[in-house]
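Working notes for the structure below.
Please treat every number below as a calculation from the coordinates, not as lab data. Since the model is a prediction, treat every value here as computed from it, not as a measurement. Backbone-built Cβ (ideal geometry, glycine too); neighbour counts: all protein chains shown.
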Amino acid sequence: METAAQFLAEKWYLVIIEVVILWVIIYQTYRYFRATRGARIFTALIIIYLLMAILSDQLSLTVIGWLLRYISVILAIALVIIFQPELRRALAELGSHRFFSTLSEQSRQRFIDQFVEIVTDLSRKRVGALIAIERGIDLKQYLETGVEMDSKLSPELVGTIFHSGTILHDGGLIVRMSDERIAGAGCVFPLNQRELSDRSIGLRHRASMGITEESDAIALVVSEETGAISIGVEGELMRNLDEEEIRERLSELLLNEPTNEDEGESEEDERREV
């Protein structure tokens, strides 16, 4: 006790630093995973484990205590498996942060401006389109379902690909963020399987939600019927965005520059998100 008291008296600031570091890690982890699909499973497993541990300790249940010691290793592995998509996305987001990126901010801004020009032009012409921007997670498995390309991104080429008379217009277009080039067209993206309240959401919109659930990609959708533009991120869909909103969203996602609207989710965003 005297040794512990002496240590606290001399190194009290180290204890505070450790507590702050642990609190930040735990809080940020909670914030990231609280809205994920595996959050409820994780909570249930932790509660069950803690209850069994308390019962084992209080009632001296030797066999259960022995099992819990071994189950804890299995539980740790299970959590990695359960949260594999979320962990992969988190690492990809870290890797795609501009601190680690080889693209300059000026290049990213030029890329955003070009993308806004492309989707707004498609919207005016009522040309349906589905475009995925590849960031940290490789989309090669989806490239293999279409036609692989290595072309400079341009409004003319994208418009040609999605023209109703071409073979590739029904599939998705993949654009690499790393070199700002078109990687493939006519690609098949996974469809979101959730039951949605809005029955007007078509296959392109479901595909934009599906590809962003499976990766850290950003998906842009242009409706063929209405010309409305939507952005898919992390399995969610922001619909009916105008040109300025598209620019703000892409700047937030690709430049890591939060807009004023994102300091607290506005009612308008809540209505748009599915």
Residue by residue, what Karplus-based ³J(HN,Hα) values in Hz, rounded to whole numbers, does region 121-133 have, using 6.51, -1.76 and 1.60 with θ = phi - 60° and x for Gly and Pro?
-> 5, 4, 5, 4, 8, 6, 9, x, 8, 9, 10, 10, 9
Against the globular-protein guess of 2.2 N^0.38 Å, express the Cα radius of gyration of region 105-272 as a ratio, rounded to two decimals.
-> 0.95
So who's got an amide H within less than 5 Å of the one on residue 183, skipping anything under 5 residues away but keeping other chains? H placed 1.01 Å off N, in plane.
-> 174, 175, 176
Spin-label pair residue 178/residue 244, simplified geometry with 7 Å Cα→Cβ offset, distance in nm = 3.7
Amide H to amide H, which residues 5 or more places from residue 235 or on other chains are under 5 Å from it, using H placed in the peptide plane?
-> 212, 213
Scalar couplings 3J(HN,Hα) for region 216-226 by Karplus 6.51 cos²θ - 1.76 cosθ + 1.60 (θ = phi - 60°), nearest whole Hz, x for Gly and Pro, are 9, 5, 10, 10, 10, 10, 10, 6, 6, 7, 10
Lys, Arg +1 and Asp, Glu -1 on Cβ, resulting dipole of region 105-272 about Cα centre, debye, nearest 20 = 840
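For 134, 148, 225, what's the fewest-to-most ordering of other Cβ within 10 Å of each Cβ? Mind dumping the intermediate values first?
On the way: 134 23, 148 14, 225 9.
Neighbour counts put them in this order, fewest first: 225, 148, 134.
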